[in-house]
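The values are calculated or read from the model by the stated rules, or taken from the named source; none is laboratory data. Quick caveat: nothing in here was measured; it's all calculated off a predicted structure. Don't worry about glycine lacking a Cβ; one is built from the backbone with ideal geometry, like all the others, and counts go over all protein chains shown. The accessibility values were calculated without ligands, DNA or RNA, using every heavy atom of the protein model including side chains. Shrake-Rupley method; radii C 1.70, N 1.55, O 1.52, S 1.80 Å.
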Amino acid sequence: MKNNVVKEKSFAFALRIVKLSQYLNQDKQEYVLSKQLLRSGTAIGALVREGEHAESRADFVHKMAIALKEANETLYWLELLHQADYIDVRGFNSVSQDCIELLKLLTTIVKSAKSNN
């Protein structure tokens, strides 16, 4: 069975986001932004999983495009949390780099799937 890189990376990223959200809640007493981050950051992997069993190519492209939007939104929340001093520069650089990598992967997948129609 072939490895699904975006599936693996989006799951690992979701796990990081869950742990970051726990940290923000417990250590920083930040509840509103971290909930937004948790929602968008875990949605990426869920949409990738949904795309595995898409009903059609159009459905697959749609799921991956929404995952791409969620990744972009997640990067927004990470930047906001960093600028508001809830996440230090080291933590931000690490998790945002993973998010950017997902953005690039998903962009390539969407473009490729659209051009193969």
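Would you grab the residues whose amide H sits under 5 Å from the one on Glu30? Only those 5+ places off in sequence or on another chain, please, with H modelled 1.01 Å from N.
Asn25
Could you work out the relative contact order of the chain, using alpha carbon pairs under 8 angstrom and six or more residues apart, expressed as a whole percent?
Relative contact order, the chain: 27 percent.
For the chain, what does the helix formula give at 222 nm: sum of -39500 (n - 2.57) over DSSP H segments with n ≥ 4, over the residue count, nearest 500 deg cm²/dmol?
The helix-only estimate for the chain comes to -29500 deg cm²/dmol at 222 nm.
Over the stretch 1-69, average the accessible area per residue using a 1.4 Å probe and give it in Å², no decimals.
That works out to 63 Å² per residue.
Return one quarter of the surface area of the convex hull spanned by the alpha-carbon atoms of the chain, equal to its mean projected area, in nm².
Averaging across all directions leaves 7.3 nm² for the Cα convex hull.
How would Phe11, Phe60 rank on accessible area, largest to smallest, probe 1.4 Å?
Phe11, Phe60
Just want the answer: with Cβ charges of +1 for Lys and Arg and -1 for Asp and Glu, which residue in His82, Ser96, Phe60 is farthest toward the dipole's positive end in the stretch 49-117?
Phe60
Put +1 on the Cβ of every Lys and Arg and -1 on every Asp and Glu Cβ in the stretch 10-117; which of Gln22, Leu105, Ser10 then has its Cα farthest towards the positive end of the dipole?
Of the candidates, Leu105 comes out farthest on the positive side.
What's the carbon and sulfur percent of the stretch 19-107's accessible surface, probe 1.4 angstrom, rounded to a whole number?
Carbon with sulfur: 52 percent of the solvent-accessible area.
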